[in-house]
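Report on the structure given below.
Since every read-out is calculated from the coordinates, none of them should be taken as a lab result. Every value quoted in this text rests on a predicted model; they were computed, and no experiment measured them. In this analysis, Cβ positions are derived from the backbone assuming ideal geometry, glycine residues included, and neighbour counts consider all displayed protein chains.
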Amino acid sequence: MSIVDLTSMGKSQTELRKEINGQLSKLQDEISDYCFQCAKCTAGCEAHKLLELEPHKMVALLKRGLIDEMVNSDIIWTCMSCFKCRERCPQRVAPVEILFALKNMAVVSGKQIPGKYTAMLQSILSIGLIQDVQEVTTRDNKTMKRDELGLPSLSKPCDPAKFQVGLTKIAVEKV
Amino acid sequence: MRRIGVFVCHCGINIAQNVDVEALTKYASKLDDVVVSKQYKYMCSDVGATLIKDSIKEHQLDGVVVACCSPRMHEHTFREVVNDGGVNPYRLEIANIREQCSWVHGDRGKSTEKAKFLVRSAVAKAKLLEPLETSTLEVNPDALVIGGGIAGIQASLDLANDGFKVYLVEREPSIGGRMSQLDKTFPTLDCSSCILTPKMMEVGNHPNIDLLTYVEVTGVEGSIGNYTVKVRKKPRYVDVDKCTGCGDCAAACRLKGRISSEFDMGMGKRGAAYMPFPQAVPLKYTIDAEHCLFLTRGKCGDKPACREACVQKAIDFDQKEELVDLKVGAIVVTTGYDLLNPEDLYEYGYAVSPDVITTLELERLISSSGPTKGEILRPSDQQKPKSVTFILCVGSRDETQCTWCCRIGCMSALKHVYLLREKLGDDVEINLCYTDIRSYGKGYEEFYRKVRGLKTNMFRGIPSEVQNMGDHQKIDIFDTTTNKLFEIKTDMVVLVPALVPRSDAADFARLLHLTQSGDGFFLEAHPKLRPMDTFVNGIFIAGCCQGPKDIQDTVSQASGAASRVATILSKKELEIDPLIAAVDEEACTGCGICVDVCPYEARVLNEKAKIAEVNEALCTGCGACIAACPSNASIHKNFTKKQFLNMVDDIL
């Protein structure tokens, strides 16, 4: 009949839950319901080590339909999209995809996006990449340039204006 | 002067790390009558056995002491070794320096000293051990299976197909047991009746099976190879030879639909003339003497309605109970389990609300042959529930109730979720409160995953209470996956109670001299290596009477028990262990105390000679008569007072 979170009096947002699960099943073939809370995702989460993002808890809240709580939380923006959780999940649930869905919902609902994201967005619109990576630090703590590692230089859009129009079109269609 | 050899085992480091085996061997070699003393890492290995046999030949030994583990472990092994070496096997004595020494003491010096005492006293006894000969007894080739559930059915069919005659005794009017109450079985969702009924029919028709239903075991005498089992045939008040199972009597019964049906777990009603379920074997009606108006009050209208209705004239109110003796060589006990009465956990409100039910009650609601014809209706208002909540581990894993895991609760609840989703549709809310989901069997984990995908609200936690709000039940649950306290309002609560031994398990155990483990289930002789054996030779256990288990494991264990029985019954003769009681005829006064105390009826009074005798086939060597005899005339072979006093004298 009903399930209520007695702390926040929040109720299950069944429709939203269905929508996110729908997106997930398209991306990963699986939905959050299969998660059995082993927390392997959190154990390996790079953001957890720095910022206490707990992906398994995100999945648990989604299973329970408590979505507003997550959309309104800043924690969803701390995911660094390393995709480790997606790679390693024994039940093929991808917490990272849930976070993408939640981020999109936050944007749609007009929530303030953290400044770093705007800068990243700008970078994508101009060069097609979040970062213009020219140097890396190796495990021996040496700084190496791309050509020293035998990597080709990063390609950039030849017509930045046309590229921006195209990208915006895709973004609009997808969202 | 005797020639005794002492053999000290290291048992890897089990003994050697806490007992100085080197010093012990040296010590033993200096004892009187000991002509050789040796040590080896594993005396029970082939090399160890050869060492003993070779030493017997080389030193012309006439007695052997092995200092090793408990005699329950390897006495038998070493008796064979000694026998192969040419010494009478009963001239072997074990000094238990593992369980009673190295394993239980910490101080190496003191342990070694104790081991020396143990070996010294074993040598003292070995000096006086008599050579004994085993005798044989004829084996009755028939078997008895007690309990007609799936375990009993499987064991009976296996034995009958092996060519043995089997008596299958069931106290209810039909065989089938718990499995016949189930609708579907996990994880394959096989229809329970569809896979069980053919087996029941096979039992009913098998030329080698004598099916005795509505019969109770009242006593067991004898021992392996020759048991006499007393059974009580309860009167059915229906002549089974005439009854065709047409059902006219049940339709006519004045109490029709007024007695709570045991088979339906109280969810449905029956009359006093009844058949528990449509696929019953035998397909015969029974008149319930506890309720029948004619049998309880002597009057049922003008004439008993069932008797009038029966065309076959099968109703016979003059039937009396019958006592029958069955002679068998071995017994399989498959008496099954009970569910814990959830009233023992008052907080779940089982006694307060009709809408709080157990898994087995839900099973009868789901079953197409059940009281609702398979429709899921909530008991209070006979309406379809919009929300059903399962609570797992009710009384299981609970130090105040049942400390054990019921092993089938998780899977049976998951199965119910699947079936309810199928029957009630996608819109019905299904909640499941669990501590851990244990899906350990073949195909179980895959089934669990399937159920997680069925919009099941899984809450990891156990509610503290179920509040009866009249038209619904309210549950507060703290879900550890979200760290949140939730309030669930639900139409129906299904409790998954612990599996417990049958309420009369203790009485039954006494009847058969079986042992119960701490939880009350029957105890197997060894948890790993003799899982179907009991401590009574010739009696085996299978199924849930030994401990909770699913159908798969029950059937495997039943087949195992049948094969253990076949090992005995396929022999014409059995060797009898000669370590039993004997009588010193000169000392015996014929007082008969031993006859009274013997639990196996192995002691008899010879009226003519005025002395007591021992029936060697029945005596188990328990020692009761030896302790009871006032004139020291009862002797336990190779456990004599003289031998024991010599052991004590030697170490004091």
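Report, in whole Å, the centroid distance computed from the Cα atoms of the range A:142-162 and the range B:620-652.
Each part reduced to its Cα centre gives a spacing of 96 Å.
With r defined as the distance between the Cβ atoms of B:Ser464 and A:Asp68 and R0 fixed at 41 Å, what FRET efficiency is calculated, to the nearest 0.05?
Efficiency for this residue pair is about 0.90.
Give, rounded to the nearest 20 debye, the magnitude of the charge dipole that the protein assembly as shown has about its Cα centre when Lys and Arg contribute +1 at Cβ and Asp and Glu contribute -1 at Cβ.
With Lys and Arg at +1 and Asp and Glu at -1, about 1740 debye.
Per residue of the range A:11-23, in order, report the coupling 6.51 cos²θ - 1.76 cosθ + 1.60 (Karplus, θ = phi - 60°) as ³J(HN,Hα) in whole Hz, putting x for Gly and Pro.
For the range A:11-23, the Karplus curve yields 10, 5, 8, 4, 5, 4, 4, 5, 5, 5, 4, x, 4 Hz.
Mean Kyte-Doolittle hydropathy of -0.5 or higher plus an axial Cα length of 18 Å or more: which whole DSSP H helices in chain B meet both?
Answer set is B:46-59, B:108-128, B:192-205, B:409-424, B:551-569.
Please work through chain A and write down the cysteines that have no neighbouring cysteine Cβ at a distance under 4.7 Å.
A:Cys35, A:Cys38, A:Cys45, A:Cys79, A:Cys82, A:Cys89, A:Cys158, each lacking another Cys Cβ under 4.7 Å.
Calculate, for B:Glu138 and B:Ala506, the FRET efficiency according to 1/(1 + (r/R0)^6) with r their C-beta to C-beta distance and R0 41 Å; round to the nearest 0.05.
Once the sixth-power term is evaluated, E becomes 0.75.
Roughly speaking, what is the stretch gain from B:Arg2 to B:Glu399, that is 0.36 nm per residue apart minus the C-alpha to C-alpha distance, in nm to one decimal?
137.3 nm
If each of B:Val597 and B:Glu322 carries a label point 7 Å out from its Cα toward its Cβ, how far apart are those two points in nm?
Between B:Val597 and B:Glu322, the label points sit 4.0 nm apart.
Which lysines have a Cα lying under 22 Å from the Cα of B:Lys41, excluding residues fewer than 8 positions away in the same chain?
Candidates past the 8-residue exclusion: B:Lys26, B:Lys30, B:Lys53, B:Lys57, B:Lys110, B:Lys114, B:Lys116.
If I model a spin label as a point 7 Å beyond the Cα along the Cα-Cβ vector, how far apart are those points for B:Arg254 and B:Ile195 in nm?
Between B:Arg254 and B:Ile195, the simple spin-label model gives 4.6 nm.
Pull up all non-local amide H partners of B:Asp210: gap of 5 or more, or a different chain, and H-to-H distance under 5 Å with H placed in the peptide plane.
HN-HN under 5 Å from B:Asp210: B:Val166, B:Tyr167, B:Leu168.
For the protein assembly as shown, build the charge dipole from Cβ charges (+1 Lys, Arg; -1 Asp, Glu) around the Cα centre, then report which of B:Tyr337, A:His48, B:Ala124 sits farthest towards its positive end.
Toward the positive end, the furthest listed residue is A:His48.
In what sequence do A:His56, B:His10 fall when counting other Cβ within 10 Å, fewest first?
With the fewest neighbours first, A:His56, B:His10 line up as B:His10, A:His56.
Just want the ordering: B:Ile146, B:Ile635, from fewest to most Cβ atoms lying within 10 Å of their own Cβ.
Fewest-to-most ranking of B:Ile146, B:Ile635: B:Ile635, B:Ile146.
So how strong a dipole does chain B carry about its Cα centre when Lys and Arg Cβ are +1 and Asp and Glu Cβ are -1, to the nearest 20 debye?
580 debye
Starting from the amide H of B:Gly245, placed 1.01 Å from N in the peptide plane, find each other amide H under 5 Å away whose residue is 5 or more places distant or on another chain.
B:Tyr285
Which residue fluctuates most in the GNM of chain A (Cα springs below 10 Å): A:Ile130, A:Ile98, A:Ile31?
Result for chain A, Cα springs under 10 Å: A:Ile130 fluctuates most.
Please report, in debye to the nearest 20, how large the charge dipole of the range B:417-482 is about its Cα centre when each Lys and Arg carries +1 at its beta carbon and each Asp and Glu carries -1 there.
Dipole about the Cα centre, nearest 20: 340 debye.
Starting from the amide H of B:Lys256, placed 1.01 Å from N in the peptide plane, find each other amide H under 5 Å away whose residue is 5 or more places distant or on another chain.
Sorted by chain and number, the residues that satisfy this are B:Ala272.
In the range B:124-190, if the dipole is taken from +1 on Lys/Arg beta carbons and -1 on Asp/Glu beta carbons about the Cα centre, which of B:Ser174, B:Gln154, B:Ser135 is farthest to the positive end?
About the Cα centre, the residue reaching furthest to the positive side is B:Ser135.
Helix A:115-127: angle to the longest alpha-carbon principal axis of chain A, degrees 0 to 90, nearest 10?
The angle comes out near 50 degrees.
May I ask which residue of B:Ala272, B:Ala251, B:Gly301 lies farthest towards the positive end of the charge dipole of the range B:248-309, with charges of +1 (Lys, Arg) and -1 (Asp, Glu) on Cβ and the Cα centre as origin?
After comparing all options, I get B:Gly301.
At a Förster distance of 51 Å, what's the computed FRET efficiency of A:Ser81 paired with B:Thr435, Cβ-Cβ distance as r, to 0.05?
The computed FRET efficiency comes out at 0.90.
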